[in-house]
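Visitor: Here it is, the structure in full.
The values are calculated or read from the model by the stated rules, or taken from the named source; none is laboratory data. These figures come from a predicted structure and were not determined experimentally. Neighbour counts are summed over all protein chains in view; Cβ atoms, including those assigned to glycine, are modelled from backbone coordinates with ideal geometry. SASA here: full protein model, heavy atoms, side chains in, ligands and nucleic acids out. Shrake-Rupley method; radii C 1.70, N 1.55, O 1.52, S 1.80 Å.
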Amino acid sequence: MEISDKRAEIAVIGLGNAGLPLAAVIADRGMAVLGVDINEERCRQINQGANPIPEEKGLGELIAQHGGRSLIATTDFEDARGCKSFIVIVPLLVDESNHPDFSIMDKALQSLGRILKKGDLVVLETTFPPGTTSGRVRRLLCESSGLAEGEFFLAYSPERIMTGYSISRLREFPKVIGGADEESGLVAYQLYRQFISNLHLVSSASVAEMTKVMEGCYRDVNIALANELYKICQDLGVDFFEAREMACHQFCHIHLPSTGVGGHCIPVYPWFLIKEMERREAFDKCRLLHTSRIINDDMIHYWAERILLQCLRINKPLSDIKICIKGITFRAGVREFYHSRNLALAKLLCDRGLNVYVADPLLDESEVAARGFRSINPDEADLVFDPFQLSFEPGRASQD
């Protein structure tokens, strides 16, 4: 079906792990959607009804039903010129110094600006430092479109999905939306309520931006607390998990310990506030956030020492002990490596000269090799460490 055969009501800019589920949910509510993405192969798959994110539950059925029909994907922004509403959800990364890298977003906004018309609505869903929508985004759209402030509507509604559960999150989880001005907020709210059932209008785009950043900071700080408590329990000979079970109730929720914090969200968002406070030389206002980042990133060193101690209990030369890391993605069940502390742990062990192998149920041998590791059957290892369960298992090889 040609794009011109059916007028799209909404354009979703960016068909990644967040944008594609959103576009599919919108299409499933009976609205024609045009998806714009730079990935030609992904667009081809969607238009043929094939799901490019197979681990996303429920997405395959929606793509099979709507792909190439009410949901059409394209690489050309010009195809979206007839749309009146644009939802932008492209990546915002951080650089080596943990400053936000707006390069992908800026390019998308400049391309969008060239087709933006008076009276159009733009809603951003990418997680931003508070103030970005009303500042940087509005300025770029005005510059690239030639429109003045107030000639188009601008709002922000942070994605609140979880990879693997995006469809259910979009349909059930509370979602907030706020405008760069009051009228924009109301216009955006009226659009979103057509496909988001649990929607809450807040007073401004900055409040909506801060809502999402706060969530990431909360998780990061509480995981750091869990990691600290876990290490203390190990020194005191206390069963952390039993103590945690008894400590958690409606007024106290202790998170689970880990090898650190990975993914696109939690290890990134605290830096938005840390860097802004550093820019203002208000260092005393981000101590907890900064300390939590250090604690969580340093957990790979803690676990490397634990693994080494386990190796010393095996009656073999250290260089001969085969260590199996059972999973190197950033989260169980997700085929992604962004800020993966499990991958970082495996690399750290290799750098220390240990004999490291990987067994990951999500990856084949070539994919493991592409990350610089050798594959192994856990039974053939001397020591198996599961970073998702934080557990050690003796391999069969250590008993030979």
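Visitor: Considering only segment 59-71, I want to know if a residue exists there that is open to solvent by 60 Å² or more (accessible area, probe 1.4 Å), part of a helix (DSSP H, G or I) and within 27 Å of residue 162 (Cβ to Cβ).
Guide: So in segment 59-71, the residues open to solvent by 60 Å² or more (accessible area, probe 1.4 Å) come out as 61, 65, 69.
Of the ones still in play, those that are also part of a helix (DSSP H, G or I) are 61, 65.
Narrowing further to those that are within 27 Å of residue 162 (Cβ to Cβ): 61, 65.
Within segment 59-71, one or more residues are open to solvent by 60 Å² or more (accessible area, probe 1.4 Å), part of a helix (DSSP H, G or I) and within 27 Å of residue 162 (Cβ to Cβ).
Visitor: Let me ask another. I'd like the full set of residues that are part of a helix (DSSP H, G or I) and within 15 Å of residue 92 (Cα to Cα), limited to segment 263-274. Before you say what the answer is, go through the steps one by one.
Guide: First pass over segment 263-274, keeping only residues part of a helix (DSSP H, G or I): 269-274.
Result: 269, 270, 271, 272, 273.
Visitor: Are any residues in segment 126-141 in contact with a Gly (Cβ under 8 Å, 6 or more places away or on another chain) and either not in a loop (DSSP other than H, G, I, E, B) or not hydroxyl-bearing (Ser, Thr, Tyr) (or both), and if so, which ones?
Guide: The answer is 140, 141.
Visitor: Condition first: open to solvent by less than 30 Å² (accessible area, probe 1.4 Å) and within 28 Å of the chain's Cα centre (by Cα). Now tell me which residues in segment 136-154 satisfy that.
Guide: 137, 140, 141, 154
Visitor: Residue 272 fails exactly one of the following numbered conditions: (1) among the aromatic types (Phe, Trp, Tyr); (2) open to solvent by 10 Å² or more (accessible area, probe 1.4 Å); (3) at pLDDT 95 or above. What is the number of that condition?
Guide: (2)
Visitor: Being over 21 Å from residue 115 (Cβ atoms), of a type in the set (S, T, N, Q) and at pLDDT below 95 narrows it down to one of 17, 51, so name that one. Explain how you work it out, then say what you get.
Guide: Working: 51 fails: at pLDDT below 95.
Result: 17 is the single residue among 17, 51 that is over 21 Å from residue 115 (Cβ atoms), of a type in the set (S, T, N, Q) and at pLDDT below 95.
Visitor: Of everything in segment 337-368, what is assigned to a loop (DSSP other than H, G, I, E, B) and open to solvent by less than 30 Å² (accessible area, probe 1.4 Å)? Give them in sequence order. Explain how you work it out, then say what you get.
Guide: If we filter segment 337-368 for residues that are assigned to a loop (DSSP other than H, G, I, E, B), which is where we start, we get 337-340, 352-354, 359-364.
Once the filter is applied, which keeps residues that are assigned to a loop (DSSP other than H, G, I, E, B) and open to solvent by less than 30 Å² (accessible area, probe 1.4 Å), segment 337-368 yields 340, 354, 359, 360, 363.
Visitor: Please find, among 323, 328, the residue that is in a loop (DSSP other than H, G, I, E, B), touching a strand residue (DSSP E or B) at 6+ places or on another chain (Cβ under 6 Å) and buried (at least 21 other Cβ atoms within 10 Å of the Cβ).
Guide: Criteria check complete, one pass: 328.
Visitor: Restricting to segment 142-166, name every residue that is at pLDDT 95 or above and outside any loop (DSSP other than H, G, I, E, B).
Guide: Those that are at pLDDT 95 or above and outside any loop (DSSP other than H, G, I, E, B): 142, 143, 144, 145, 153, 154, 155, 156.
Visitor: Also, I was wondering about something else. Looking only at residues that are in contact (Cβ under 8 Å) with a residue 24 or more places away in the chain and over 19 Å from residue 340 (Cα atoms) in segment 369-393, which one is most open to solvent (accessible area, probe 1.4 Å)?
Guide: Let us first name the residues in segment 369-393 that are in contact (Cβ under 8 Å) with a residue 24 or more places away in the chain, namely 371-373, 376, 378, 380-388, 390, 392.
Narrowing the set further to residues that are over 19 Å from residue 340 (Cα atoms) leaves 376, 378, 380-383, 392.
On the way: 376: 21, 378: 38, 380: 108, 381: 0, 382: 2, 383: 9, 392: 49 Å².
Here the residue is 380.
Visitor: Can I ask one more? Does at least one position in segment 230-239 carry a residue that is open to solvent by 70 Å² or more (accessible area, probe 1.4 Å) and within 28 Å of the chain's Cα centre (by Cα)?
Guide: The answer is no; no qualifying residue exists.
Visitor: Let me ask something else about it. So residue 40 fits all but one of (1) farther than 21 Å from residue 198 by Cα; (2) surrounded by fewer than 15 Cβ atoms within 10 Å (Cβ to Cβ); (3) touching a residue at least 60 places away in the same chain (Cβ under 8 Å); what number is the exception?
Guide: Condition not satisfied by residue 40: (3).
Visitor: Same structure, new question: Can you pull out every residue in segment 374-400 that is in contact with a helix residue (DSSP H, G or I) (Cβ under 6 Å, 6 or more places away or on another chain) and farther than 22 Å from residue 315 by Cβ?
Guide: 375, 387
Visitor: Continuing with this model, one more query. Being aliphatic (A, V, I, L, M) and free of Cβ contacts under 8 Å to residues at least 12 places away in the same chain is the filter; apply it to segment 291-313 and report the residue that is most open to solvent (accessible area, probe 1.4 Å). Reasoning before the result, please.
Guide: Pass one, segment 291-313, residues aliphatic (A, V, I, L, M): 294-295, 299-300, 304, 307-309, 312.
From what is left, the residues that are free of Cβ contacts under 8 Å to residues at least 12 places away in the same chain are 294, 309, 312.
On the way: 294: 82, 309: 100, 312: 116 Å².
My answer is 312.
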